[in-house]
Amino acid sequence: DALISRTLFKDTLSDTFPKPDRATFYRDNPDMADNPIKNAICGEGCPFACTYCYNVAWNSPEMYGKFKRRVVRPTQDVIDEARELKKYNTKCVYFQDDIFGFEREWMEEFMPKWRDEVGLPFHAQLRLELAYGDAGKRRLHLMKQAGCTGITVAVENGDYNVRKQVLDRPMRDAHIFEGCRNIAKEGLPLRTEQILGVPTLETRAGESVINIDLKTLRVNTLARPTISWTAILAPYGGTELGKIAAKLGLYEESRLATNDDVKD
């Protein structure tokens, strides 16, 4: 119910989805053509509103407010694209959706089709809430049966209050640990992602948040992922987290206009 309440829009944006011109792209980028891992996307947008993400701004009235927060492609549309991918030395497909498999009915239709009509291994990015409970177990089982070879999930931070108050990810520890256990029970390799250096709402300039980062390390140690990946917080302009960092005095508000000081 909590997930449904956060889905502001369910209708598709249109009946069609732009078809990638892979023939031209791979002709001009032979290194991409030779890469056995190819990218695809099943839907755009995300029903969540994490403070560090541009999805929130893109869906604001000031920008592209007429777009829907979640647009899913027809299953056959994705299947047809994947069949074309098999012409290009494709050994695995990486679904680049911000949140793969949010729609249960879509998953029930898509996964058997993928298994029977495409048959390629794939990797996907999942919210841990979608791996939780009986619904999560069903979703993971469908993915495993269809040829999923691994899942990426975002833990982001080991402190619940930081996740809820600063990142707007009110994901409970139970979601993290049960979700990771369910993924492991299906025999799926797991990669976690997190952000280091995220402040609390009480953090002041010059103060360390190493105690929070150590909580993030502890959560990963207990969750036992196959591999953990991390980034260091960059408070981007146009995001709510950027505004929070400026309000706390951790980042100059004037720099949010360009972020020119944030190096690669």
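The values are calculated or read from the model by the stated rules, or taken from the named source; none is laboratory data. Note that the structure is predicted; figures quoted are calculated from it, not measured. Here the Cβ positions follow ideal geometry from the backbone for every residue, glycine too, while neighbour counts run over all protein chains shown. Protein only, heavy atoms only, side chains kept; ligands, DNA and RNA dropped before computing areas. Shrake-Rupley method; radii C 1.70, N 1.55, O 1.52, S 1.80 Å.
Select from region 195-213 the residues that are over 16 Å from residue 169 (Cα atoms) and of a type in the set (Val, Ile, Thr) and write down the one among them that is most open to solvent (accessible area, probe 1.4 Å). The residue in question is 210. Selection of region 40-64 for residues being at pLDDT below 80 and of a type in the set (Gly, Ala, Ser) yields 45, 57, 60.
Taking region 195-230 as the range and being outside any helix (DSSP H, G or I) and aliphatic (A, V, I, L, M) as the test, the residues that pass are 195, 196, 198, 201, 205, 209, 227. Being of a type in the set (S, T, N, Q) and either open to solvent by 100 Å² or more (accessible area, probe 1.4 Å) or modelled with pLDDT of 75 or more (or both) is the filter; apply it to region 9-25 and report the residue that is nearest to residue 87 (Cα to Cα). Selected residue: 24.
Among the criteria (1) buried (at least 17 other Cβ atoms within 10 Å of the Cβ); (2) aliphatic (A, V, I, L, M); (3) at pLDDT 95 or above, the one residue 37 does not fulfil is (1).
Within region 74-95, the residues that satisfy the criterion of being part of a loop (DSSP other than H, G, I, E, B) and at pLDDT below 95 are 74, 86, 87, 88, 89.
Among the candidates 116, 28, the residue that is more than 23 Å from residue 150 (Cα to Cα), at pLDDT 95 or above and over 14 Å from the mean Cα position of the chain (by Cα) is uniquely 28.
Scanning region 120-155 for residues that are open to solvent by less than 10 Å² (accessible area, probe 1.4 Å) and over 17 Å from residue 108 (Cα atoms) returns 128, 150, 151, 152, 153, 155. Among the residues making up region 163-183, those that are surrounded by 16 or more Cβ atoms within 10 Å (Cβ to Cβ) and either acidic (Asp, Glu) or touching a Pro at 6+ places or on another chain (Cβ under 8 Å) (or both) are 163, 166, 168, 178, 180. Listed by position, the helices (runs of 4 or more DSSP H) contained in region 96-194 that have at least 1 residues being acidic (Asp, Glu), more than 25 Å from residue 81 (Cβ to Cβ) and without any contact (Cβ under 8 Å) to a residue 60 or more places away in the chain are 133-146, 173-185. Checking each residue in region 216-264 for being under 15 Å from residue 180 (Cα atoms) and open to solvent by less than 50 Å² (accessible area, probe 1.4 Å) picks out 216, 219, 220, 223, 225.
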